[in-house]
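Participant: Below: one structure in structure tokens.
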Amino acid sequence: MKGGVLHCRCSKCFAAPPKRRVKRRPRLLTLLGLPEDVLLYILECLPAVDIQSMRHVHSHLRTLVDTHSSVWARACFQDVWPSPENLHLFERAAERGNFEACVKLGIAYLYNEGLSMSDDGRAEINGLKASRFFSLTERLNSGAGPFVWLFIRPPWSTSGSCCKAVVFDSLKEECRGDSKEEGVTGTLRGSLQYCLAKVLNLFEDEGKKREALGLLEASASHGCLHSSFLLWESKHKSALSDPGRYLQSLRQLRDYAARGCWDAQISLAKSCGQKSHFSQERATCDLVTQVFQSSFSINKASIFTKQKGMNDTMRYILIDWLVEVATMKDFSSLCLHMTVGLVDRYLKLRSVPRARLQLVGIACMVICTRFISKEILTIREAVWLTDNTYKYEDLVRMMGEIISALEGKIRMPTVIDYTDVLSHIISLDRDTLHLCSYISELSLLYTELSVYSPAQLAAGALLLARILHKQALPWPAQLAERTGFTLEQLTPCVLHLHKKCFHDDAPKDYRQVSLTAVKQRFQNDLYGNISDEKVMDYGQLCALLGVSLQDMESPASSPSVADVHPFLCSPAGNKTKRRREDDLQEDRGSFVTTPIAELSNQEEALLGDFLDWSLDSSCSGYEGDRESEGEREGDVTAPSGIVDLSLLQADHTHCLDSSDEDLTNVLPQPTTKPILTIPSVKMGAENSSGYSSVSSAGSPTSSPNGPPCTPTPGLSSSKLLPIPFPQPSPSNFKAVRRQVKRKNQAQHSDDNVTDAL
């Protein structure tokens, strides 16, 4: 048809317009349209509060949440504490097998923290509920050793009701009950009986110790490997007199080590240092070598990926402060290494504000001292050490966060464990051991050294100590054979240790004061003042090891003071009102909310009437938590095993005696002797670690061999706080105060406490 010409209306010219092609819109993908397994995975990753909200969105979601127990078992309760508003969520998750909910509910009821109840029968009610959730915790605790005993360890109140005693009696009654599911309940019984035995072993009463031995035997019969090792340890001393029994005892120990008991592996490695027929068996030597070779490094550099705004110097300041606390309280090196390891592992998992980093550190030390130390760090004393920057309830809740995040894995292999084994393989003089310990504790401060495993750090520290003391054969063939580390393999670790510990300058705080807590810790006659010893120059060490100095040098970067200052201000900034000692009772209300009143002898002697709070038994069932008094060292539990069972099938041939005359390991002696003098740091105003209040009078404890300290009511965290807060004058103390704690009647004996290390 031409343009402008009208067409007719015939069927040929007038046809219906063609059908338009309709584009269908794509179907929207909604949450309910997802496959059920994908939807279930999404629900399992949600926090508990969001899961509860999802139940009310749609009936299909409600059905998934109610029919699949894994949703509540994997629900997250991070930074959430039990309260009357969310108690039903915690209990529902705990019944479905949520480990974090069980731990937090048990601690909340034990310390009456977050779940306040009336005073009438509070200890009995809370104790029974805490016992129930602690039992569920041990039922779910499959990857770590039993640990709930550290919360109910004595001493207990001698009069009135005590929440710890109620928990102990309830767990004991549960172990006596008949079981319908013998497979599952038998394992649970073994764990609970182990916890009860650990508690009874801390008493001085011989009857309770005999009862503890019976519980260990019953626990071992239910398959608890930790109880079997403790029984072996108690019988091993009596087997020393009989060579036949002694050999059989060591072979039994080898069986426990092959089944995965860490304490048994360490004890086996120590026994191999003795010149005995058993120590030369090929299977035993291979087991010891695998203990060292199976040690893995924890990459601490990932901490700074998880913790936004945190750097190496901030971590250095925190660890340096923990060293000050350990020195003041005379805690062992093992306790310090465990505390630092606990801090690093938690920081790798959970994001922590800078204002709470000090809380994480002191909470980890409280946990570790309860686990292994004779003199524990009480919760009130830990709060006081932070200059009351945090409250009592803050520390209790942080303990729950740490244990639940780490799934109860408190005891992990440390540098001290491997160093102890090395000292049994070859004989070492006292100065070399002290220098090795000094280097090991210095290694805790530097994140860069985490690229090496604890076994490598222990071997490298020992090798460096022997080189610095000019040993003719610093790494004999016996050490190389038992550890599997050659001199060439340890050379990078040795050079790195020397560079960080002796060559580089120590970081400084915001006042430009060097942080040298480890150096001051070893400026003691107990360690032979080993930190004042002169060491050889880094270049001389490189020449001894045959390494070019230019190849090993790398530019060191240190954060500026501007980067450190905000962290130092974080615990008590201008926006945060610091909690003063004189309103301690006002903030806390009353101390009847604790399981039993925690207060050490040192606190009583130094704080005077300043901490005169009421502990009237008529209104509290939790009096007398005197955990720092008369405590004995608890045994340690171990992580899952690292030794292969196949080693038991190895040929039991004798290893050739290692010769210390191996000339391939002899280092050439230098012709010149340039030395690097490490200046001693005086305890003055200019050269101090930055914690003058920690190392001087502001201490809740005094050295048993030294003069008494001048009492100060708080311990200023001068590394973490840029402004020193004024301390109350001693003249404000009352001359006479009420006796708040009775003498502990349950003293403990070192000979009867089983030590797992």
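The values are calculated or read from the model by the stated rules, or taken from the named source; none is laboratory data. What you see is a predicted model, and the numbers here were worked out from it, not measured in a lab. Every residue, glycine as well, gets a Cβ built from its backbone with ideal geometry; the counts of neighbours run over all protein chains shown. All accessible areas refer to the heavy atoms of the entire protein, side chains included, with ligands and DNA or RNA removed. Shrake-Rupley method; radii C 1.70, N 1.55, O 1.52, S 1.80 Å.
Participant: So how many residues does region 501-546 have that are on the phi < 0 side of the Ramachandran plot and in a loop (DSSP other than H, G, I, E, B)?
Facilitator: Residues meeting the conditions: 16.
Participant: Restricting to region 408-444, name every residue that is of a type outside the set (A, V, I, L, M) and either under 14 Å from residue 471 (Cβ atoms) or over 22 Å from the mean Cα position of the chain (by Cα) (or both).
Facilitator: 423, 424, 427, 429, 430, 431, 432, 434, 436
For every residue, the table says whether it meets (1) outside any helix (DSSP H, G or I); (2) buried (at least 18 other Cβ atoms within 10 Å of the Cβ); (3) on the phi < 0 side of the Ramachandran plot; (4) modelled with pLDDT under 90.
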{"site": "146", "(1), (2), (3), (4)": "yes, yes, yes, no"}
{"site": "167", "(1), (2), (3), (4)": "no, yes, yes, no"}
{"site": "203", "(1), (2), (3), (4)": "yes, yes, yes, yes"}
{"site": "212", "(1), (2), (3), (4)": "no, yes, yes, no"}
{"site": "220", "(1), (2), (3), (4)": "no, yes, yes, no"}
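Participant: Looking only at region 417-429, which residues are under 17 Å from residue 264 (Cβ atoms) and of a type in the set (A, V, I, L, M)?
Facilitator: 421, the sole residue that qualifies.
Participant: Output the residue which, of all residues in region 342-362 that are among the aliphatic types (A, V, I, L, M) and under 9 Å from the mean Cα position of the chain (by Cα), is surrounded by the most Cβ atoms within 10 Å (Cβ to Cβ).
Facilitator: It comes out as 343.
Participant: For the subset of region 445-456 comprising residues that are of a type outside the set (S, T, N, Q) and under 21 Å from residue 272 (Cβ atoms), which member is farthest from the chain's Cα centre (by Cα)?
Facilitator: The residue in question is 455.
Participant: Just to be sure before I move on: is residue 416 open to solvent by less than 10 Å² (accessible area, probe 1.4 Å) and in contact (Cβ under 8 Å) with a residue 40 or more places away in the chain in the structure I sent?
Facilitator: So residue 416 does not fit the description; no.
Participant: Suppose we filter region 303-341 for residues that are under 27 Å from residue 511 (Cβ atoms) and either of a type in the set (Asp, Glu) or open to solvent by 20 Å² or more (accessible area, probe 1.4 Å) (or both); how many remain?
Facilitator: Number of matching residues: 9.
Participant: Another one. Restricting to region 13-46, and then to whatever is at pLDDT 80 or above and in a loop (DSSP other than H, G, I, E, B), can you tell me which residue is surrounded by the most Cβ atoms within 10 Å (Cβ to Cβ)?
Facilitator: Filtering first and then ranking leaves 46.
Participant: Here's a follow-up. Can residue 553 be described as at pLDDT 90 or above and open to solvent by 30 Å² or more (accessible area, probe 1.4 Å)?
Facilitator: no
Participant: Still on this structure: Any chance region 77-89 includes a residue that's in contact with a helix residue (DSSP H, G or I) (Cβ under 7 Å, 6 or more places away or on another chain), farther than 22 Å from residue 351 by Cα and outside any loop (DSSP other than H, G, I, E, B)?
Facilitator: Yes, that holds for at least one residue.
Participant: Have a look at 394, 344 and point out the one that is touching a residue at least 40 places away in the same chain (Cβ under 8 Å) and either more than 21 Å from residue 149 (Cα to Cα) or of a type in the set (Ser, Thr, Tyr) (or both).
Facilitator: The unique qualifying residue is 344.
Participant: Next question, about the same structure. Would you call residue 300 surrounded by fewer than 24 Cβ atoms within 10 Å (Cβ to Cβ), touching a residue at least 40 places away in the same chain (Cβ under 8 Å) and touching an Asp or Glu at 6+ places or on another chain (Cβ under 6 Å)?
Facilitator: The answer is yes for residue 300.
Participant: Looking for whichever is in a loop (DSSP other than H, G, I, E, B), under 21 Å from residue 154 (Cα atoms) and of a type outside the set (Asp, Glu) here; the options are 377, 395. Which one fits?
Facilitator: 377 is the lone residue from the list that is in a loop (DSSP other than H, G, I, E, B), under 21 Å from residue 154 (Cα atoms) and of a type outside the set (Asp, Glu).
Residue-by-condition table, conditions (1) modelled with pLDDT under 90; (2) open to solvent by 50 Å² or more (accessible area, probe 1.4 Å); (3) small (Gly, Ala, Ser); (4) over 17 Å from residue 440 (Cα atoms):
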site	(1), (2), (3), (4)
507	yes, no, no, yes
510	yes, no, no, yes
517	no, no, yes, no
521	no, no, no, no
524	yes, yes, no, no
534	yes, yes, no, yes
548	yes, no, yes, yes
566	yes, yes, no, yes
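Participant: Do we find that residue 383 is of a type outside the set (S, T, N, Q), surrounded by 24 or more Cβ atoms within 10 Å (Cβ to Cβ) and without any contact (Cβ under 8 Å) to a residue 60 or more places away in the chain in this structure?
Facilitator: yes
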